[in-house]
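What follows draws every value from the coordinates through simple rules; no lab data is involved. This structure is a prediction, so every number in the text was calculated from the model and none was measured. Glycine gets a Cβ as well: all are built from the backbone with ideal geometry, and neighbour counts include every protein chain shown.
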Amino acid sequence: MTSLSEANTRFAYDLFQQLRKSEKENIFYSPLSVSAAIAMTYLGAQENTASEIQKVLHFNEVTEDAKGGATTAHVIKSGNVHQQFQKLLTELNKPTNAYELHLANRLFAAKKFSFLQEYMDHVNTFYLAGMETVDFVNAADESRKKINSWTESQTKEKIKNLFPEDSINSATVLVLVNAIYFKGQWNEKFDPKLTEQGEFWLNKDTSKPVQMMKRGGHFKFSKLEDLPAKILEIPYKDKDLSMVLLLPNERDGLQQLEDKLTAEKLVEWTSSQNKRTTHVDLHLPRFKVEESYNLEDVVGALGVVDAFSPLDADFSGMTGGRGLSLSKIRHKSFVEVTEEGTEAAAATGIAMIKYSSPVYETFHCDHPFLFFIKHNKTNSILFFGRVASP
């Protein structure tokens, strides 16, 4: 039986393989945010709609319940995915002075549209999500602004305008939003005095100037045997979270690395056991990435089909009847990496060991690389990205 964090890592990989197909150079998203938002719809899904969502999110590997659906028996089943989400969200939201990490879920429901009390109770219990009523019929745009305002406040103003104009209308009956915010300082900061202009190679022949941060020190590091790449882990203060960098050996090696990447390898790399601690000379560019995605087609390509079809969608676990379907999945994300540390935010809205001898390894991120930010205790990937042009 797979853990929820492993299921989320597999989903992170699937999402990345879909997002790679776009023309965007840089990629940045929160797989956990997307997964949590869709999981809130899964809680109220039945029959084939539930089965499709369960398969795409790899929840069928977490729970032995093959049918899905939001019956009480399904929800209360031991080891159930919803209970694991409750544990994960509670763990991630634990207060600490070392960093800021905050995940929040909220449902915005249409006035005069009745949702089952059981569904509202479950979504509150397992996803710590409150429900607020808004007037989509008479005040769709005011409702949209209210949702955007909530998201903005949850992400320290980093995620603005999650739902753009005209994306919500009088037909909307429910909007589910997940917001995630992280701000952490490196366990050992980069000295700004050592930062200097350097070259970042976009490909074999073209480079651009960047502000290159530099630091020598002991890091968890390994050269990957089956991939032409190396991996390095930079811990944040208190070492509860880390940034993991995946750097191709060659300047133009990113495509090959992405082609050979598998979900299994990603699961393996999220655990720290395979990396030895080594003295490394690290160069990392300062970078900032902001992205926004419409994920309906992406999630559809992965296999969630019925949920978007007014005829086939079955979310009767939310309302007691049929007629609800998903219309939009919006995802916006932000990350900034500096000498001090990292600030990252994302939101998803769904309308409905021993030291080795001091041999220096070099890890110079002066060409395109992949990275992810993980919560070490739960092995959860919070954010995943590609930096092709800082």
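For this structure, a couple of remarks:
- Among the listed pairs Lys55/Lys377; Lys183/Lys214; Lys94/Lys332; Lys146/Lys239, those with a Cα-Cα distance over 27 Å are Lys146/Lys239.
- Put in order of Cβ neighbour count within 10 Å, fewest first, the listed residues Asp259, Asp238 become Asp259, Asp238.
- When shorter helices are ignored and each DSSP H run of at least 4 residues is given -39500 (n - 2.57), the per-residue value for the chain at 222 nm works out to -8000 deg cm²/dmol.
- Sequence-separation-based contact order of the stretch 123-274, relative, with Cα cut under 8 Å and 6+ spacing, percent: 14 percent
- Look at where the Cα atoms of the stretch 263-319 and of the stretch 134-194 average out, and the two centres are 19 Å apart.
- Estimated dipole of the chain in Debye, rounded to 20 [Cβ of Lys and Arg +1, of Asp and Glu -1, Cα centre]: 740 debye
- Neighbour counts of C-beta atoms inside 10 Å place His102, His122 in the sequence His102, His122, starting with the fewest.
- Modelled label reach - Asp259, point 7 Å along Cα→Cβ, the stretch 214-232 residues with backbone N closer than 15 Å: 227-229
- Packing-based exposure ordering (other Cβ within 10 Å, fewest first) of Asp14, Asp166: Asp166, Asp14
- Here is the list for the stretch 1-63: trypsin sites (Lys or Arg not before Pro) lying in DSSP coil, each with at most 16 other C-beta atoms within 10 angstrom of its C-beta, are Arg20, Lys21, Lys24.
- If R0 is 41 Å, the Cβ-Cβ spacing of Lys111 and Ser22 corresponds to a FRET efficiency of close to 0.65.
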